[in-house]
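> For reference, the structure I am asking about is given below.
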Amino acid sequence: MSFRTTADHVEDVSPGRGALPPRAWYACSDARSLSLNGSWRFRLTPTADAEDDSFAEPGHDTGDWAEVTVPGHWVLQGHGSPVYTNHLYPFPVDPPHVPTENPTGDHVRHFDLPEDWPADQEATIRFDGVESCAKVWLNGTLLGDFKGSRLPHEFAVGHLLKPRGNVLAVRVHQWSAGSYLEDQDQWWLPGIFRDVTLLHRPPGAVGDFFVHASYDHVTGEGTLRVDSEVAGRVTVPELGLDLATGESATIPVEPWTAETPRLYDGVLATEGERVPLRIGFRTVVLADGLIKVNGQAVLFKGVNRHEWHPERGRALDPATMREDVLLMKRHNLNAVRTSHYPPHPAFLDLCDELGLWVIDECDLETHGFTEQGWRDNPVDDDRWTPALLDRAARMVERDKNHPSVVLWSLGNEAGTGRGLTAMAEWIRGRDPERLVHYEGDIDCRDTDVYSRMYAFHEEVERIGRGLDGGTHKRRRLPFILCEYAHAMGNGPGGLADYQELFERYDRLQGGFVWEWIDHGIRHPELGFAYGGDFGEELHDGNFVCDGLLFPDRTPSPGLVEYKKVIEPVRFRGDGADGTVTLVNRYDFADLSELSLEWAYQVDGESVGSGTLPVPPLAPGASADVKLPEPPADGRSGEACWTVRAVLAEDTAWAERGHEVAWVQLPVTERVKPAAVAGAAPVPDGRTIRLGPGVFDARTGALLRIGGVEVDAPRLDVWRAPTDNDDGAEWQTDIRYGLLWRKFGLHRMRHRLDAVETGADALTVRTRVAPAAWEFGLHTEYRWTADGDRLRLTVSVTPDGNWTVPLPRLGIRFALPAADAVSWFGGGPGEAYPDTGSASRLGRWQATVDALQTPYVRPQENGARADVRWVELGGLRIEGEPEFWFSARRWTTEQLDSARHLSDLTPGDRVWVNLDHGQHGIGSQSCGPGPLPRYFLRAEPAEFSFVFSQSTAP
Ligand code: IPT
């Protein structure tokens, strides 16, 4: 092997030289292996050729080098820093050239073989992932070079191994021709970020093998055949099978599905090696215009998963991978798209074991070429086709034995072209037993499924009804949203509306929320860092924090909402007539894993609970269940049933009692607050007293309620815009977050028109409006009182030409202190008009701090919905009608100007918002805004609050 210069390969479009052909990946066998993970010697240089190759020589002294941990990214270990761009290449676009400034990490690992390592035999070294380009030497001999960051590369090394003092040297370049193919929306993180393993290959060892395990849903039989490069035998003791490789057998089996992940343990034994197999029998086809598994159409309740850890980046440990799968299962997800590259293979083992449908996506994205109308796109340039085919082959060969993988995806956002077609053709030839996915192929020339991202509800409905037109081929294909519901910041809104469409139209086979986790990087000062926090000259800010999990894997309200929206048991019913209807919405499973629990609540407190029989329901079937007689404990109040489906026994993914689905059925209506009248306003010098209230006589501002001082309540329409309010910068649609600011809704002025004392009321008239504009809100505050309660009725009448909805409508005031909060209403988490499915009626407690939702970029958050009453800071506040409340230790203005959570510091007041309305959330940070029915329009409104001093401690 020879190169013109030491760095020639970096800008070479070829996939590399010297690696062995790709083959099936397995974690372990009875052949020896030696992990080369751990501490490696490390030297960072600024260009690809700053140093010659001599570091790879066995005698080279690396004594004064730094150390890094492998797997890992050097930029997260104190050498250089990460860079975040969405789709723009962070270097000049001149393929295949890359900048001269090309951070290059020389890695050296010294190792001895274990005493009992078999002498003089073949061995390989496997790299599971290196970003973006590597050149490898063992004991001074060049093994080769490779690109394809999230794909394995294996080199034969047996002839070079010594019992002691081996030196493995790896030169890694941050930028290479391969970078043009890896323009995914994520941090650029160079390094050896997945495992490095020395694998013994005894004579007669297993080579590549392909497990074909299909299921015939008509006969209930599975057919197994294992093709193997090296002949041997396949045994599956549980099925009594003992077959030659290449031979097939058909026998009754239990099928594998994501809901019932039945695996059979087997062994592939060749003369030199025994490899454990985990076999799942299932058949994936496109039939009747639908994706069917084992004869049944599936509905994907999916998520896009990037690999992410807030300290280790894309170097994930097994525990984190398991945590991801467990969190997915516990939140009712059944599918994952491995956006936008094949994950660590151990993740797929977990999907097989615990049950998730997988779209396995190739490591390919050339999104930056969109800026030049896709001209010179590598996927439509024959010179790059070998690299594309290499990537397709490395994915398929590595992952083909996973029953969880049901679709291969060619990549993401790479335009279209001959290279993609070549990949699709190669994949179909190699694995006709799975379907092919790619989103960018709008005519579906290369794909088996019509896939789109961020389509609006309306268009999705049209597609569901088959009224979207398109090529003849496309019209016959099923539809999925490979990305939707952009979970950036507060949101996504509109999930339930999408789910309703997916369930209504057969052609719609579900979707994959964008995305699983915020890619925030833990930072000593900022909490979690995002784009721009490392001084990048080009970056896309917090667009990298758009997941259903916060960076530390705490579920966000968006995930809690998604769990509710996709719950596999649907309930309908009428609390008053005491019947609840259950619908089994699984595609394959019955309800035998579940038990049903009921509780009867009066005013949010449980007065009785018990269990109900679970009807034996086949997938899709429904049945009525009679609720018991309501417990008679003599209490009157607002009554409702809560019925919950929980796990009857421990499962592999959650414990017994874990809640899967629930419903609340109201029995009686809410009891409205009693009338508050009778007391007369009493002038008292500069103040006016009314019941427990003390007001400023000149301004009508409330100063005190009994012993509790307040900063006077006033009308408030402003919320710190969410990422979804602001919308994405490329959008031509109306972006209300920006318009609200343009129209000055964040700087409304309050003009005092009158303070009037009547016989039994104090009335304050105002006009609330922003500078520069003629529109405003006439706002009247009418105060009445009895002995110890004070009622405020706010009447709002819009004035002028309102062309935007309001962010919120309610009042804001401040309390000198508040910590514990309790309320009767929706909870436990936040809810907005189009994100409220998971909010349930109850008595809830929290602290002011715990009410905050820690979105990585601070923004409106934490509102609790449907609140009947709340107690905090010595006050009790009842609403008529129900209201939203939030409380924080900073003002909305401070929240609005903060860039990181660390910018928010508690002041000496607690700011409370009581809202009559909130504008919807939507997912316009990369998709549609809220549906019109969730708009908060400027319209006449009236709402009341009753204040009293609370008896709570
Ligand atoms: C889409 C990308 O596929 C995904 O990687 C991510 O960037 C997402 O958007 C936004 O977070 S592409 C977009 C142009 C719709």
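The values are calculated or read from the model by the stated rules, or taken from the named source; none is laboratory data. Small disclaimer: the values here were computed from a predicted structure and weren't measured. Glycine also receives a Cβ, built like all others from the backbone with ideal geometry; neighbour counts cover every protein chain displayed. For the accessible areas, the whole protein counts, side chains as well, though only heavy atoms, and no ligand, DNA or RNA atoms are used. Shrake-Rupley method; radii C 1.70, N 1.55, O 1.52, S 1.80 Å.
> How much of the accessible area of the range 567-666, in percent, comes from carbon and sulfur atoms when a 1.4 Å probe is used? Could the numbers behind the result be given before it?
Values: 2150 of 4570 Å².
Its accessible area is 47 percent carbon and sulfur atoms.
> Is there a quick way to get the dipole size of the range 835-930? I mean about its Cα centre, with the Cβ of Lys and Arg at +1 and of Asp and Glu at -1; what is the value in debye to the nearest 20?
260
> Shifting gears a bit: Rounding to the nearest 20 debye, state how big the charge dipole of the range 8-201 is about its Cα centre with +1 on each Lys and Arg Cβ and -1 on each Asp and Glu Cβ.
Roughly 500 debye, rounded to the nearest 20.
> Another question, then. Enter the accessible area of L389 (Å², nearest 10), with the probe set to 1.4 Å and all protein chains included.
That residue has around 60 Å² of solvent-accessible surface.
> Could you give log10 I(q)/I(0) at q = 0.07, 0.08, 0.10, 0.11 Å⁻¹ for the range 686-949, computed by the Debye formula over C-alpha point scatterers of equal weight, without solvent?
Log-scaled intensity ratios, in q order: -0.23, -0.31, -0.48, -0.59.
> In the range 157-241, how does Rg compare with the Kirkwood Rh, expressed as the Rg/Rh ratio over alpha carbon atoms?
Expressed as Rg/Rh, it is 1.15.
> Return the aspartates and glutamates within reach of K564: Cα separation strictly under 16 angstrom, same-chain partners fewer than 8 residues apart disregarded; answer none if there are no such residues.
List returned: D497, E500, E503, E659, E830, D834.
> Starting from the Cα of D227, step 7 Å along the direction of its Cβ; do the same at R428; then give the gap between the two resulting points in nm.
Label at D227, label at R428, 1.7 nm between them.
> Going through the range 452-537, which trypsin sites (Lys or Arg not before Pro) have at most 13 other Cβ atoms within 10 Å and a DSSP loop state? Before the final figure, lay out the partial values.
Numbers: sites: R452, R462, R465, K473, R474, R475, R476, R504, R507, R522; in loops: R465, R476, R507.
Hits after loop and neighbour filter: R465.
> Taking +1 at the Cβ of each Lys and Arg and -1 at the Cβ of each Asp and Glu, which of P203, S622, H472 sits farthest along the dipole of the chain towards its positive end, judged by Cα position relative to the Cα centre?
With unit charges placed on the Cβ atoms, the residue in question is S622.
> Rounded to whole Hz and in sequence order, give me ³J(HN,Hα) for the range 200-210 from the Karplus expression 6.51 cos²θ - 1.76 cosθ + 1.60, θ = phi - 60°, writing x for Gly and Pro.
6, 10, x, x, x, 5, 5, x, 7, 8, 9
> Between I125, T416, T784, whose Cα lies farthest towards the positive end of the dipole of the chain when Lys and Arg beta carbons carry +1 and Asp and Glu beta carbons carry -1, centred on the Cα centre?
The Cα lying farthest towards the positive end belongs to T784.
> Something else now. Of R864, R767, R274, which has the most accessible area with a 1.4 Å probe, and how do the rest follow in descending order? Before the final figure, lay out each step's value.
Values: R864 15, R767 35, R274 125 Å².
Highest to lowest solvent-accessible surface, that is R274, R767, R864.
> What does the extension gain come out to for R899 and L88, with contour length at 0.36 nm per residue minus their alpha carbon separation?
Additional length available on full extension: 289.7 nm.
> Would you work out the charge dipole size for the chain about its Cα centre, treating the Cβ of every Lys and Arg as +1 and the Cβ of every Asp and Glu as -1, and quote it to the nearest 20 debye?
Values: 95 positive and 143 negative charges, 432 e Å.
Computed charge dipole of the chain: roughly 2080 debye.
> Turning to a different aspect of this structure: What does the charge count around D441 come to, taking other residues whose C-beta lies under 12 Å from its C-beta (Lys +1, Arg +1, Asp -1, Glu -1)?
With Lys, Arg at +1 and Asp, Glu at -1, the net is -1.
> Return the calculated 222 nm mean residue ellipticity for the chain, to the nearest 500 deg cm²/dmol, obtained by summing -39500 (n - 2.57) across DSSP H runs with n ≥ 4 and dividing by the residue count. Walk me through the intermediate numbers first.
Working: 11 runs with 99 residues, N = 953.
Mean residue ellipticity at 222 nm (helix-derived): -3000 deg cm²/dmol.
> Something else: Between H212 and D317, take the C-beta separation as r, use R0 = 35 Å, and let me know the FRET efficiency to the nearest 0.05.
With a Förster radius of 35 Å, E is 0.60.
> Separate question: Please give me the summed charge of the neighbours of H159: other residues whose Cβ is under 14 Å from its Cβ, Lys and Arg +1, Asp and Glu -1.
Around H159, the surrounding residues sum to 0.
> Can you give me the accessible area per residue for the chain, using a 1.4 Å probe, in Å²? Numbers along the way, then the final one.
Numbers: 34540 Å² over 953 residues.
Each residue of the chain exposes 36 Å² on average to a 1.4 Å probe.
> Which residues in the range 427-465 have a backbone N closer than 19 Å to a point placed 7 Å from the Cα of H472 along the Cα-to-Cβ line?
The answer is 442-450.
> What lysines does K147 reach when the alpha-carbon gap must be under 16 Å and sequence neighbours fewer than 8 apart in one chain are set aside?
Qualifying lysines at Cα under 16 Å: K135.
> Please compute the net charge surrounding V646, taking Lys and Arg as +1 and Asp and Glu as -1 over other residues with Cβ under 15 Å from its Cβ.
Details: positive: K329, R330, K563, K564, R644, R656, R840; negative: E567, E593, E597, E649, D650, E655, E659.
Net charge in that neighbourhood comes out at 0.
> On to the next question. Step through the residues of the range 913-924 one at a time and calculate ³J(HN,Hα) from phi using the Karplus curve (6.51 cos²θ - 1.76 cosθ + 1.60, θ = phi - 60°), rounding each to whole Hz and writing x for Gly and Pro.
10, 10, 10, 7, x, 9, 6, x, 9, x, 9, 6
> Sticking with this one: Roughly speaking, what is the centre-to-centre gap between the range 755-796 and the range 494-538 when only Cα atoms are used, to the nearest Å?
If you average the Cα positions of each part, the centres end up 42 Å apart.
> Computed FRET efficiency, Cβ-Cβ of D381 and R445, R0 22 Å: what is it to the nearest 0.05?
0.80
> Follow-up. At q = 0.17, 0.22, 0.23, 0.24 Å⁻¹, what is the log10 ratio I(q)/I(0) for the range 459-562, with the Debye formula run over Cα points and no solvent?
Here log10 of I(q) over I(0) equals -0.81, -1.06, -1.12, -1.18.
> Compare the peptides 619-630, 124-135, 781-792 by average per-residue count of other Cβ atoms within 10 angstrom and give them in order, highest first.
124-135, 781-792, 619-630
> In the chain, with Lys and Arg counted as +1 and Asp and Glu as -1 at Cβ, which of these residues, L316, W188, V513, has the Cα nearest the positive end of the dipole, that is, farthest along it?
Most positive-ward Cα: V513.
> Separate question: Order the peptides 392-398, 155-161 from the highest to the lowest mean number of other Cβ atoms within 10 Å of their residues.
Final packing ranking: 392-398, 155-161.
> Also, quick follow-up: Using 1/(1 + (r/R0)^6) with R0 = 51 angstrom and r between the beta carbons of V583 and E51, what's the FRET efficiency to the nearest 0.05? Before the final figure, lay out the partial values.
On the way: r = 66 Å, r/R0 = 1.29.
Efficiency at R0 = 51 Å is approximately 0.20.
> Binning at 10 Å from 0, report for the chain what percent of all alpha-carbon pair distances ends up in each bin.
Taking all Cα pairs of the chain, the binned fractions are 2, 11, 19, 21, 18, 13, 8, 5, 2, 0, 0 percent.
> Here's another thing I want to ask about it. For K742, list the lysines whose Cα falls under 27 Å from its own Cα; do not include residues on the same chain fewer than 8 positions away.
Those lysines meeting the cut-off do not exist here.
> Simple spin-label model, 7 Å along Cα-to-Cβ: D684 to E115 in nm?
A separation of 9.1 nm, rounded to one decimal place.
> Can you work out the Karplus-derived ³J(HN,Hα) for every residue in the range 470-480? Use 6.51 cos²θ - 1.76 cosθ + 1.60 with θ = phi - 60°, whole Hz, and x for glycine or proline.
Using θ = phi - 60°, the values come out as x, 5, 4, 4, 4, 4, 8, 9, x, 10, 10 Hz.
> Let me know the Rg and Dmax you get for the range 339-457 when you use only its Cα atoms, in Å.
14.2, 44
> OK, next. Given K292/K473; K292/K563; K301/K329, which pairs have Cα atoms separated by over 20 Å?
Distance filter (> 20 Å) returns K292/K563.
> Under 5 Å between amide hydrogens, which residues at least 5 positions from L690 or on another chain qualify, with H placed 1.01 Å from N in the peptide plane?
For L690, whose amide H was placed from the backbone, the distant partners under 5 Å are V682, F695.
> What are the semi-axes of the equivalent ellipsoid of the range 8-201, taken as the square roots of 5 times the eigenvalues of the Cα gyration tensor, listed largest first and rounded to whole Å?
28, 18, 15
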